[in-house]
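The values are calculated or read from the model by the stated rules, or taken from the named source; none is laboratory data. No experiment lies behind these values; they were computed from the predicted model shown. Cβ coordinates were reconstructed from backbone atoms using ideal geometry, including for glycine residues, and neighbour counts include every protein chain displayed. These area figures cover heavy atoms from the full protein model, side chains too; ligands, DNA and RNA do not enter into them. Shrake-Rupley method; radii C 1.70, N 1.55, O 1.52, S 1.80 Å.
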Amino acid sequence: AQSVTQPDIHITVSEGASLELRCNYSYGATPYLFWYVQSPGQGLQLLLKYFSGDTLVQGIKGFEAEFKRSQSSFNLRKPSVHWSDAAEYFCAVGGRNKLVFGAGTILRVKS
Amino acid sequence: DGGITQSPKYLFRKEGQNVTLSCEQNLNHDAMYWYRQDPGQGLRLIYYSQIVNDFQKGDIAEGYSVSREKKESFPLTVTSAQKNPTAFYLCASSMTPGGAMNTEAFFGQGTRLTVV
């Protein structure tokens, strides 16, 4: 069965510092992988996705993620965090007929 | 503008009452989904539909019902059988040829249901 693990429930970083959010997945075939962001009380917005090809994918808002098959990971990164990046981030794996989400990581940005 | 509209944004229900959450999309997507979100648990799939007049149970379907009479609409009914209905509900849609989740899912803004 598909599953996604986001080990960090909360992360706090200083504005301007780099960011890495971890995501590990379990899926028997080649996965379709996604990162979404959610502001409080809102829906989810797609940051980036990986289907095949280049393992380093670029997304919106300066985010990127790297697919590592050997580690079953799809970590999200940003070189310099802005205060507006404070939100909850969800990693998801796409299988047959559905997306399976991780529990989310809440990002706090301190000035 | 194309998108997904959920209504209402906030909903209050007395125990023992059924309530229906609306979800409409004008993206011409075949597939639609309902997720439930609780703090610290991510999003859990309630029901999904790949085509009109067909839908499938997700991981937590007990106490919920859906219909898909039109491509654009996928309403969710939270019945009195749902033991703990207070949650944030998200509707989504996508193009999923053959059921493969290899395309982006678009989400509505959510409905927060509170049982009082």
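For the range A:2-20, the criterion of being touching a helix residue (DSSP H, G or I) at 6+ places or on another chain (Cβ under 8 Å) and more than 9 Å from every other protein chain (Cβ to nearest Cβ) is satisfied by at least one residue.
Here B:Ser73 passes the criteria (1) open to solvent by less than 20 Å² (accessible area, probe 1.4 Å); (2) small (Gly, Ala, Ser); (3) in contact with a Gly (Cβ under 9 Å, 6 or more places away or on another chain); (4) more than 14 Å from chain A (Cβ to nearest Cβ) except the one numbered (3). For the range B:29-39, the condition holds for at least one residue, the condition being that it is within 11 Å of chain A (Cβ to nearest Cβ) and free of Cβ contacts under 8 Å to residues at least 24 places away in the same chain.
Collect the residues in the range A:74-105 that are of a type in the set (S, T, N, Q) and within 22 Å of A:Ala17 (Cα to Cα), keeping them in residue-number order. A:Asn75, A:Ser80, A:Ser84, A:Thr105 - these are the residues of the range A:74-105 that are of a type in the set (S, T, N, Q) and within 22 Å of A:Ala17 (Cα to Cα). Restricting the first member to the range A:66-82 and to residues that are farther than 15 Å from A:Thr5 by Cβ, and the second to residues that are open to solvent by 40 Å² or more (accessible area, probe 1.4 Å) and assigned to a helix (DSSP H, G or I), the beta-carbon pairs closer than 7 Å and six or more apart or on different chains are A:Lys78/A:Gly62.
Among the numbered conditions (1) touching a residue at least 40 places away in the same chain (Cβ under 8 Å); (2) open to solvent by 20 Å² or more (accessible area, probe 1.4 Å); (3) within 14 Å of chain A (Cβ to nearest Cβ); (4) over 19 Å from A:Asn97 (Cβ atoms), the only one that B:Thr20 does not meet is (3). In the range B:1-102, counting only strands (runs of 3 or more DSSP E) that sit wholly within it, the ones holding 2 or more residues that are in contact with a Ser or Thr (Cβ under 8 Å, 6 or more places away or on another chain), within 21 Å of A:Leu46 (Cβ to Cβ) and modelled with pLDDT of 95 or more span B:4-7, B:19-25, B:87-94. None of A:Thr55, A:Thr105 is in contact (Cβ under 8 Å) with a residue 12 or more places away in the chain and away from chain B (no Cβ under 14 Å) except A:Thr55.
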